[in-house]
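The next block holds one structure in the form of structure tokens; read it before the comments.
None of the figures in this text is laboratory data; all of them are computed from the coordinates on show. Nothing here was measured: the structure is a model prediction, and the numbers come from that model. Cβ coordinates were reconstructed from backbone atoms using ideal geometry, including for glycine residues, and neighbour counts include every protein chain displayed.
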Amino acid sequence: GATLRLKAVGLDVVTAGTRASTAHEDDRVLALDDAGARRYVEVVVRQGTLVGMTCVGSPELAARLAVQLDRPGIVPPDPLQLLVGAPEDQPGSPTTMPSSTTVCRCNGVTKADVVTAWDGGCCTVEDVVASTRATTGCGGCRTLVCGLVDWLQEVDPAVPATSQEAAAVRERGVAAR
């Protein structure tokens, strides 16, 4: 499904997939309404998979949720964590994110594409963007791409290596998928 991103003056709206109004009877719908901060977030979970989201006034959360959309096995045991954030070692952390995870839906860029760009010598967000075109569509994935580059700088801080050893160090802790 398509992701729709609207930008009104001072308000960011992102919606994708199933909404509460079109959810199946057995879907789980969770919503957080913070009118004082002009924020509203709604997620629809079907059999452990995030199948829909609506985020108003929370572009960072929208970017994080967009990566998890339609990916089985990514939703935490308590889906409320989708709305309030998860600890670093929960799904969504670059360490546990499978290489096949789509980071930028607009341009079809995966985590593996970002890592490959890094291994090829891209060592800044700007370099990764130039190499992969991530963030050049709607821009909703910019926070995630920056997070991946920060993570790579932390776990592979030297001149980007192409050795299997460097890749093994980065992927340590990732469950076999």
(request) May I ask you to evaluate 6.51 cos²θ - 1.76 cosθ + 1.60, the Karplus curve with θ = phi - 60°, for each residue of the stretch 45-62 and list the ³J(HN,Hα) values in order in whole Hz, giving x for glycine and proline? (result) 10, 10, 6, x, 10, 6, 10, x, 7, 9, 10, 10, x, 9, x, 5, 5, 4
(message) Using only the alpha carbons of the stretch 32-75, what is the convex hull's orientation-averaged projected area in square nanometres?
(response) 2.8 nm²
(message) Within 12 Å, Cβ to Cβ, of A117, how many net charges do the neighbouring residues add up to if Lys/Arg are +1 and Asp/Glu are -1?
(response) -2
(message) Check which residues have an amide H placed less than 5 Å from V109's amide H, if you skip close sequence neighbours.
(response) V103, C104
(message) Quick one: 3J(HN,Hα) in Hz for the stretch 16-32, Karplus 6.51/-1.76/1.60 with θ = phi - 60°, rounded, Gly and Pro as x.
(response) 7, x, 6, 9, 4, 5, 10, 5, 6, 4, 9, 6, 9, 10, 10, 9, 10
(message) Only four residue types carry charge here, +1 at the Cβ of Lys and Arg and -1 at the Cβ of Asp and Glu. Report the dipole size of the stretch 3-84 about the Cα centre in Debye, rounded to the nearest 20.
(response) 280 debye
(message) Could you sort the peptides 143-155, 105-117 by per-residue average Cβ neighbour count (10 Å cutoff), highest mean leading?
(response) 105-117, 143-155
(request) Measure off 7 Å from each Cα along the Cα-to-Cβ vector at E154 and D127, then give the distance between these two points in nanometres to one decimal. (result) 2.0 nm
(message) From the phi angles alone, apply the Karplus equation (6.51, -1.76, 1.60; θ = phi - 60°) to the stretch 75-84 and give each ³J(HN,Hα) in whole Hz, x where the residue is Gly or Pro.
(response) 5, x, x, 9, x, 4, 4, 4, 8, 9
(request) Tell me the trypsin sites (Lys or Arg not before Pro) within the stretch 11-71 that lie in a loop according to DSSP and have at most 16 other beta-carbon atoms within 10 Å. (result) R19, R38
